[in-house]
1. Give a residue-ordered list of calculated ³J(HN,Hα) values for region 146-161 (Karplus: 6.51 cos²θ - 1.76 cosθ + 1.60, θ = phi - 60°; whole Hz; x for Gly, Pro).
2. At a Cα cut-off below 27 Å, give the lysines reachable from residue 260, other chains included and same-chain residues fewer than 8 away excluded.
3. Once fully extended, how much extra length lies between residue 150 and residue 171, figured as 0.36 nm per residue of separation less the alpha-carbon to alpha-carbon distance?
4. Using just the helices of the chain, give the 222 nm mean residue ellipticity in deg cm²/dmol: DSSP H runs with n ≥ 4 each add -39,500 (n - 2.57), and the total is spread over all residues, rounded to 500.
5. For region 290-306, just list the computed ³J(HN,Hα) in residue order, Karplus coefficients 6.51, -1.76 and 1.60, θ = phi - 60°, integers in Hz, with x standing in for Gly and Pro.
6. Where the only charges are on Cβ atoms (+1 Lys, Arg; -1 Asp, Glu), what is the dipole of the chain about its Cα centre, to the nearest 20 debye?
7. In Å, what is the Rg of the alpha-carbon atoms in the chain, and how long is Dmax?
8. Long-range amide H contacts for residue 134: which residues qualify at under 5 Å (H placed 1.01 Å from N, peptide plane, sequence gap of 5 or more or a different chain)?
Amino acid sequence: FPSWVTLLSGRHPHHHGIRSMFPRWEERTKDFDTLPERLARAGYRTSVVSDFAGDIFDRIDLGWTTTHVPTFDFRQLIRQRALERQTPLLPFLHTRAGRSVFPVLREMNDAADPDMLASDVVDTLRQSRGKPFFLTVFFSTAHFPYAAPAPYYRRFTDPAYRGRFKYDRPVGLEREEAPDEADVAQVRGLYDGAVASIDAASARILGALDKLGLGQNTIVVVVADHGETLWENGHGVGHGDHLFGDEGTHVPLIVFDPRKHGGQRTPAIVRDVDLAPTLYDLIGADPPGGLDGRSLVPFMNGASAPPRLAYAETGLW
């Protein structure tokens, strides 16, 4: 939650005020003066599409004109639990038709399918033709429980594995036995499969941009809200539990502008708080005052980046 508000506002959490996953109502209802809000006022269609981890976008107004995200309220939680008890039916319901009849499938963390989310994104792109758009797509499959859909769940895993993490790694608050080497390898393989499934879905979206005639004038950003710790360097498993090492805080960032030729890779530290200023700069929009981030456009054009420090805090609980 804090990371997404930082990405879209260009301000650190201690400035925009969202410090944890569970902000109070009065903290969520103020005007954050975000990138989608400013672009909506400038005539853009601003949309967000996500599966289960995107329920945060239903709990805060960041300026979207349309949202296609889970609600994850108590009523939906009851529906989800009831549907989870019908295990034999789930494979047959795991289709777009099944989700139209049981929309709560979209909110189940062990049923996140990037390909289905990509279909929703392509529908949104078709609706966005004819006017400028700002579209946020948030894939949840690489989030725990790392339930990669078929065939990706078996692409990087051992077919002989018969342990408790065969298809995913459920996360609860109860005490559990420490994983052995086979368990660790299995969870890492599931995570790699989840990432591969997102790669394939992203390719579908990029292909749709070209088919719709939007590929040559659409800026594309690939980024994450945080990293994932999978027992590397003795740090345990999860995200947001600590701030030691790069696993949780060093994430991909790719900014592709089709109007620019060639590419630049900078070894300097750049930050999530820099994303909003960069996009304001690329599209020629006026940014709000008092941003904590800086535009990365000069570095995209080959300039050297003066050193900066990256700030991070953990707000899991």
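The values are calculated or read from the model by the stated rules, or taken from the named source; none is laboratory data. Keep in mind the model is a prediction, meaning the values are calculated, not measured. Because the Cβ atoms are built from the backbone with ideal geometry, glycine has one as well, and the counts that use them run over all protein chains shown. With ligands, DNA and RNA removed, areas are computed over all heavy atoms of the protein, side chains included. Shrake-Rupley method; radii C 1.70, N 1.55, O 1.52, S 1.80 Å.
1. Couplings: 6, 8, 5, x, 5, x, 6, 5, 9, 5, 10, 10, 7, x, 8, 5 Hz.
2. Leaving aside lysines fewer than 8 places away in the same chain, those within reach of residue 260 are 131, 211.
3. 5.5 nm
4. -9500 deg cm²/dmol
5. Residue by residue, region 290-306 yields x, 6, 8, x, 10, 5, 9, 4, x, 6, 5, 8, x, 6, 7, 9, x Hz.
6. Dipole of the chain, to the nearest 20 debye: 1020 debye.
7. In Å, with Rg to one decimal and Dmax whole: 20.0, 58.
8. The list, which skips near neighbours in sequence, is 45, 46, 47.
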